[in-house]
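The values are calculated or read from the model by the stated rules, or taken from the named source; none is laboratory data. Everything numeric here is computed off the predicted structure, so don't read it as measured data. Glycine gets a Cβ as well: all are built from the backbone with ideal geometry, and neighbour counts include every protein chain shown. Ligands, DNA and RNA are stripped out before the accessible areas are found, and what is left, the full protein with its side chains, is counted by its heavy atoms. Shrake-Rupley method; radii C 1.70, N 1.55, O 1.52, S 1.80 Å.
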Amino acid sequence: MKKRILALLMAGVMVMGLAACGGTTPEGSQPAGDETETAGIAAADLKIGLILVGEAADAYNKNHIEGMQAACEKLGLDYDSQVVVKANIGEDSTCADAIGELIDAGCQAIFADSFGHEQYMVEFAPDYPEVQFCHATGFQSASDNLDNTHNYFSKIFEARYLAGIAAGLKTETNKLGYVAAKPYAEVISGYTAFYLGAKSVNPDVTMLVNYTNEWSDATKEATNAQALIDQGCDVISQHSDTSAPATTAETNGVFAVGYNDDMIPVAPNSALVSARINWGIYYEYALGCLLSGEAIDQDWCGGYAQGSCYLSDLNDAVIAEGTKEAIEAAAAGISDGSVQVFAGPLHGVDADGNELNLAEGEFYLENEKSSAPSFAFIIDGITVLS
């Protein structure tokens, strides 16, 4: 019988945890606070704000736009006239300016897509109780108990685990490389899941991680990918917002696993597959609540089974034999609960020196009720370069 190891939502991990439409709430997601149902907003009267951390064309931000567009189409809303987009909004006072402008524009709901936006959302929320503040990748909403603040995310680590299977079957050097953005729990949980997916089909595999300390910086991402390749990594993956790791892999004749977007068009000879988030799952849910007058969950997290995260099409010209079948088998296990991503035997140490020791049959239960990723242990087999 598997034992459940509840996620260790320590204060330090919560701070580190950073970077979704069906009409149903994922199982286990719970509303917080004293939210009550009210009359819904008429579809024609709904005004929506969307704050993006970078360029609208960047893969990460583009995914949010596409998700919002899909949600609007399903709900009979006009994206062009009812959604106000603020792009290139940093994790600084420019976010406060953007929120103020969206409130002045009459937005009843404001969505922000980056971890550093959260503090500004929480600051505005008490003074504007009529506005719903929805933030991707954060953790403060439920703890602050503000009825009009909400966090949302996807169990992207499930899709990363599946993508890791493609990498583990493809590598010949048994050395994977990972271009990581920032040393936050979201990023750590993602690359750990990727490594564990690879290890599930290739027990000899190891992985090097190289941080850029930026969410989106094509130059740094390319430099870090090249450094990993120079150290013998023949499959490069990423938690970063541009296609630079994939194109660097293409230039060097090695392989790539992408994030946010299908990388086959830019790296046709290298891209194996990409892990992606479908933000539309959450946007349809949240906007549907506004229209119907129902309360939006304060802490929402959808998984692979709900379609909140998924894999892009496999590159049949590049993947190793048996990849599709191995991924399908693992995906079925994730969906029915028989496959747990962070399963023992597993040993790791977090930034504070706390150890994780899971025996065979035990697992670390990530994201059971929280949208904030909590796994922040560097496990055996993974080496962080910077």
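If one puts a single equal scatterer on every Cα of region 117-246 and applies the Debye formula without solvent, what log₁₀ I(q)/I(0) results at q = 0.13, 0.20 Å⁻¹?
The Cα Debye sum returns log10 ratios of -0.61, -1.02.
Given the rule -39500 (n - 2.57) for each run of at least 4 DSSP H residues, summed and divided by the residues of the chain, what is its mean residue ellipticity at 222 nm, to the nearest 500 deg cm²/dmol? Write down the numbers at each step before the final one.
Values: 12 runs with 132 residues, N = 386.
Calculated from helices alone, the mean residue ellipticity at 222 nm is -10500 deg cm²/dmol.
What FRET efficiency do you get for ASP92 and ALA44 if R0 is 30 Å and r is their Cβ-Cβ distance, rounded to the nearest 0.05?
Between ASP92 and ALA44 the formula returns 0.30.
Say R0 is 35 Å: what FRET efficiency, to the nearest 0.05, do ALA332 and GLU130 get from their beta-carbon distance?
Approximately 0.20, to the nearest 0.05.
What does a probe at GLU123 reach in region 80-111, counting residues whose amide N is under 11 Å from the point 7 Å along Cα→Cβ?
Of the residues in region 80-111, 92-100 have backbone N under 11 Å from the label point off GLU123.
I'd like the accessible area for TYR211: 1.4 Å probe, protein heavy atoms, all chains in place, Å² to the nearest 10.
20 Å²
Carbon-plus-sulfur fraction of the accessible area of the chain, 1.4 Å probe, in percent?
Carbon plus sulfur share of accessible area: 48 percent.
Looking at the chain, send over the antiparallel percent of its DSSP beta bridges, to the nearest 5.
20 percent
Each residue of region 370-382 in turn: what ³J(HN,Hα) in whole Hz from Karplus with 6.51, -1.76, 1.60 and θ = phi - 60°, glycine and Pro shown as x?
10, 7, 8, x, 10, 6, 9, 9, 8, 8, 4, x, 10
Count of lysine pairs in region 131-237 with Cα atoms under 24 Å apart, counting only pairs 8 or more residues apart in sequence or on different chains? Write down the numbers at each step before the final one.
Details: LYS155/LYS182; LYS155/LYS199; LYS170/LYS199; LYS175/LYS199; LYS175/LYS220; LYS182/LYS199; LYS182/LYS220.
Summing the qualifying lysine pairs gives 7.
Would you mind calculating the gained length between SER386 and ASP104 on full extension (0.36 nm times residue separation, minus the Cα-Cα distance), in nm to one decimal? Each step should come with its number before you reach the end.
Numbers: separation 282, 0.36 × 282 = 101.52 nm, distance 4.28 nm.
Result for the pair: 97.2 nm of gain on full extension.
Rounded to whole Å and ordered largest first, report the semi-axes of the equivalent ellipsoid of the chain derived from its Cα gyration tensor (root of 5λ).
They are 34, 22, 19 Å, listed largest first.
Given the whole protein assembly as supplied and a 1.4 Å probe, what does the accessible area of ARG276 come to in Å², nearest 10?
Counting only protein heavy atoms, the figure is 30 Å².
Could you tell me how far the Cα centroid of region 79-150 sits from the Cα centroid of region 299-327, in Å?
Each part reduced to its Cα centre gives a spacing of 31 Å.
With every protein chain left in place, what is the accessible area of CYS301 in Å² (1.4 Å probe, nearest 10)?
10 Å²
Could you order peptides 260-271, 227-238 by the average number of other Cβ atoms within 10 Å of their residues, highest first? Write out the running numbers ahead of the final one.
On the way: 260-271: 20.2, 227-238: 23.4.
Going from most to least packed, we get 227-238, 260-271.
With a 1.4 Å probe and every protein chain left in place, work out the accessible area per residue of the chain in Å², rounded to a whole number.
38 Å²
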